[in-house]
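A.B. asks: My structure is below; once you've seen it, I'll send some questions.
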Amino acid sequence: MRHLAIIGSGPAGYYAAEAAQKRWGDAVRVDIFDRLPVPFGLIRSGVAPDHQSIKGVARRYEKTALTDHVRFVGNVTIGEHVEVAELQALYDAVILATGAPEDRPLGLAGDDLANVFGSAHFVGWYNGHPQFAGLDPDLSGKHAVVIGMGNVALDVARILAKTEREFAGSDIVAHALEALTASGIETITVLGRRGPHNILMTPKELGELGELERAHPRVDPADLPPLDEDAMLEPGLRKSVTHLRSFAATPEAEVGGKPVDIQFDFYASPTALLGEDGTVRAVRVERTAVMGGRPIGTGELYELPAELVVSCIGYRTTPIPGVPFDERGGHFSNEDGRISPGLYCVGWAKRGPSGTIGTNRPDGYAVVDLVAEDIAAGGDRRGREGFDELAAARGLDVVTFSEWQKIDRAEIAAARQGAPREKFVDIASMIAARH
Ligand code: NAP
């Protein structure tokens, strides 16, 4: 028998569990730990609430979760309730699938002003993650600045721009829907330090910006490279740039008819956040030129009014005491997923925050290959039986998958008209709903 502990119940964790199941069948037991009482990590707390079809992938994880040999162990924080070394003594392999839940710091003067948020916080707020549900951003100002030109920046800009009606069918949490519905934001500037050929926005998601009810994307035609240069782009990026070209070509009559502008500001690097009475009021920006793919400051400075700033410049894994960490990369130090024999990492905790949810699938299978190389037939570890003893001795309040299913049913029952669910946004309510 092989005993595996997977830390983190998001896509990387469940794909690794699925791979272990496929490889060893009845000869493996997998425990998937999560610090929250609810599973699925990024699917629940990261994927945009209006992208329900992407969230459907959780049904595949549920299939893995419902097999007899895979257990969900919720409401247990590794590194706090139980140490990694203790798990290593109990399981043949410990796989860290903890994702990248922290913001990469902006590192600019003024980034500690009120109403400046990293995307982990802001996305966590509108997705009802218990850690961020109380964020309470002030959306009463007219100007929002979103820093970054990746898919998270797109998510944030789109969520800020949508009307209440456009959230129908989404699982956006009530507190966010209420705040967004009352929002006074008229301009959302998306800042990119490089040009249109350097965006990291995927075409389907970028196209959605052109379909919004009360907002229209604006692109300055002067920022677009000559059309024939698009030919050398890889196909996905070429499609995204085609969207930018169509936004730039939209007649003013059509753009001006919508009250909210989503302004793309290219070649624009934020250099400081400026405040008044401790709250952000503007972003100082330096115009750049791109040389050899890198943004170089030109010395030309200007200020953008901003009463809300959301920085969407990437994420970091949370370090765990005793586990080697690559500070530069913002993930665990590892060689192709192996930290040391018996200790592994997978997904964003291994390679940093890049790729799609599907990228985690081959990752999950690859880490199980490594585990198989290292543990062969398995050892004499006690696995879940040993963990249960430890949990009982420490008085840990473990939430099981069947208890999550009750929480799930309670959330579905509480859904407003047309919504798939109304999430519990604090741990006490989740725990209370499990019986
Ligand atoms: P990302 O794709 O890496 O984009 C980060 C953006 O921040 C880039 O435009 C980057 O510009 C910019 N940036 C980084 N440091 C900066 C700085 N100091 N100042 C100004 N700009 C800075 O990261 P992400 O948007 O957080 O997305 C993470 C991953 O999740 C990606 O793989 C993404 O595709 C995925 N995701 C997918 C979906 C979806 O499929 N619907 C939705 C959300 C997220 P440079 O390029 O110049 O560095």
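The values are calculated or read from the model by the stated rules, or taken from the named source; none is laboratory data. Note that the structure is a prediction, hence the values are computed from the model and not measured. Ideal geometry is used to build each Cβ from the backbone, glycine not excepted, and the neighbour counts take in all protein chains shown.
A.B. asks: Can you report the number of residues in region 259-280 which are aromatic (Phe, Trp, Tyr) and outside any strand (DSSP E or B)?
C.D. replies: Kept after step one, since they are aromatic (Phe, Trp, Tyr), are these residues of region 259-280: 264, 266-267.
If we keep only those that are outside any strand (DSSP E or B) too, we end up with 266-267.
Of the residues in region 259-280, 2 are aromatic (Phe, Trp, Tyr) and outside any strand (DSSP E or B).
A.B. asks: Also, I was wondering about something else. Which condition does Val57 not pass, out of (1) of a type in the set (A, V, I, L, M, F, W, C); (2) at pLDDT 95 or above; (3) in the same structural domain as Ile32 (by TED's automatic domain parsing), if it passes all the others?
C.D. replies: Of the numbered conditions (1) of a type in the set (A, V, I, L, M, F, W, C); (2) at pLDDT 95 or above; (3) in the same structural domain as Ile32 (by TED's automatic domain parsing), the odd one out for Val57 is (2).
A.B. asks: Here is a follow-up. Quick one: in region 354-365, of everything that is under 21 Å from His3 (Cα atoms) and surrounded by 18 or more Cβ atoms within 10 Å (Cβ to Cβ), which residue is farthest from the ligand (Cβ to nearest atom)?
C.D. replies: Gly364
A.B. asks: What is the residue count in region 172-225 for residues that are assigned to a helix (DSSP H, G or I) and in contact (Cβ under 8 Å) with a residue 24 or more places away in the chain?
C.D. replies: 17
A.B. asks: Only residues that are touching a Pro at 6+ places or on another chain (Cβ under 9 Å) and away from the ligand (no atom under 11 Å from the Cβ): list them for region 268-300, please.
C.D. replies: Arg281, Ala282, Arg284, Ala289
A.B. asks: So, one more: Step by step: first the residues of region 301-326, then only those that are in a strand (DSSP E or B) and under 24 Å from the mean Cα position of the chain (by Cα), then the one that is nearest to the ligand (Cβ to nearest atom). Which residue is that? Write out each step before concluding.
C.D. replies: Taking region 301-326 and keeping what is in a strand (DSSP E or B), we get 301-305, 308-311, 315-316, 325-326.
In the following step, the residues that additionally are under 24 Å from the mean Cα position of the chain (by Cα) were identified as 308-311, 315-316, 325-326.
Details: Leu308: 17, Val309: 12, Val310: 11, Ser311: 8, Tyr315: 6, Arg316: 11, Phe325: 19, Asp326: 17 Å.
That would be Tyr315.
A.B. asks: Which members of region 96-130 meet the condition of being over 20 Å from Thr356 (Cα atoms) and aliphatic (A, V, I, L, M)?
C.D. replies: Correct list: Leu106, Leu108, Ala109, Leu113, Ala114, Val116.
A.B. asks: I need every pair where a residue in region 29-51 that is more than 21 Å from Gly364 (Cα to Cα) has its Cβ under 7 Å from the Cβ of a residue that is modelled with pLDDT of 95 or more and within 12 Å of the ligand (Cβ to nearest atom), sequence separation at least 6 or different chains.
C.D. replies: Taking only residues 6 or more apart or on different chains, the pairs are Ala48/Asp155; Ala48/Ile159; Pro49/Asn127.
A.B. asks: Could you list, in sequence order, the residues of region 243-290 that are among the hydrophobic types (A, V, I, L, M, F, W, C), farther than 18 Å from Ile147 by Cα, over 28 Å from the mean Cα position of the chain (by Cα) and at pLDDT 95 or above?
C.D. replies: Ala248, Ala249
Every residue, every condition in (1) among the β-branched types (Val, Ile, Thr); (2) in contact with a Lys or Arg (Cβ under 9 Å, 6 or more places away or on another chain); (3) surrounded by fewer than 16 Cβ atoms within 10 Å (Cβ to Cβ); (4) over 29 Å from Gly128 (Cβ atoms), yes or no:
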{"position": "Leu139", "(1), (2), (3), (4)": "no, no, no, no"}
{"position": "Phe167", "(1), (2), (3), (4)": "no, no, no, no"}
{"position": "Thr181", "(1), (2), (3), (4)": "yes, no, yes, no"}
{"position": "Glu186", "(1), (2), (3), (4)": "no, yes, yes, no"}
{"position": "Val190", "(1), (2), (3), (4)": "yes, no, no, no"}
{"position": "Gly195", "(1), (2), (3), (4)": "no, no, no, yes"}
{"position": "Glu211", "(1), (2), (3), (4)": "no, no, yes, no"}
{"position": "Pro217", "(1), (2), (3), (4)": "no, no, no, no"}
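A.B. asks: Oh, and also: Does Glu276 meet the test of being free of Cβ contacts under 8 Å to residues at least 24 places away in the same chain, in the same structural domain as Arg194 (by TED's automatic domain parsing) and either of a type outside the set (A, V, I, L, M) or within 16 Å of Ala153 (Cβ to Cβ) (or both)?
C.D. replies: yes
A.B. asks: Same structure again: Only one residue in Arg351, Arg381 is touching a Phe, Trp or Tyr at 6+ places or on another chain (Cβ under 6 Å) and either within 16 Å of the ligand (Cβ to nearest atom) or modelled with pLDDT under 95 (or both), so which one is that?
C.D. replies: That would be Arg381, the only listed residue that is touching a Phe, Trp or Tyr at 6+ places or on another chain (Cβ under 6 Å) and either within 16 Å of the ligand (Cβ to nearest atom) or modelled with pLDDT under 95 (or both).
A.B. asks: Is it fair to say Thr189 is closer than 16 Å to Ser311 by Cα and assigned by TED's automatic domain parsing to the domain that holds Val219?
C.D. replies: yes
A.B. asks: Taking the conditions exactly as written (modelled with pLDDT of 95 or more, within 16 Å of the ligand (Cβ to nearest atom) and part of a helix (DSSP H, G or I)), does Ala393 satisfy them or not?
C.D. replies: Details: modelled with pLDDT of 95 or more: yes; within 16 Å of the ligand (Cβ to nearest atom): no; part of a helix (DSSP H, G or I): yes.
For Ala393, the condition - modelled with pLDDT of 95 or more, within 16 Å of the ligand (Cβ to nearest atom) and part of a helix (DSSP H, G or I) - is not met.
A.B. asks: Looking only at region 327-348, filter to residues that are assigned to a strand (DSSP E or B) and within 24 Å of Gly379 (Cα to Cα); which one of those is nearest to the ligand (Cβ to nearest atom)? Spell out the reasoning first.
C.D. replies: Pass one, region 327-348, residues assigned to a strand (DSSP E or B): 331-332, 335, 338-340, 343-345.
Next, only the ones that are within 24 Å of Gly379 (Cα to Cα) stay: 335, 338-340, 343-345.
On the way: Glu335: 22, Arg338: 23, Ile339: 22, Ser340: 27, Leu343: 25, Tyr344: 21, Cys345: 17 Å.
Checking each candidate, the answer is Cys345.
A.B. asks: Kindly indicate whether Pro101 is within 15 Å of the chain's Cα centre (by Cα), surrounded by 23 or more Cβ atoms within 10 Å (Cβ to Cβ) and more than 16 Å from the ligand (Cβ to nearest atom).
C.D. replies: no
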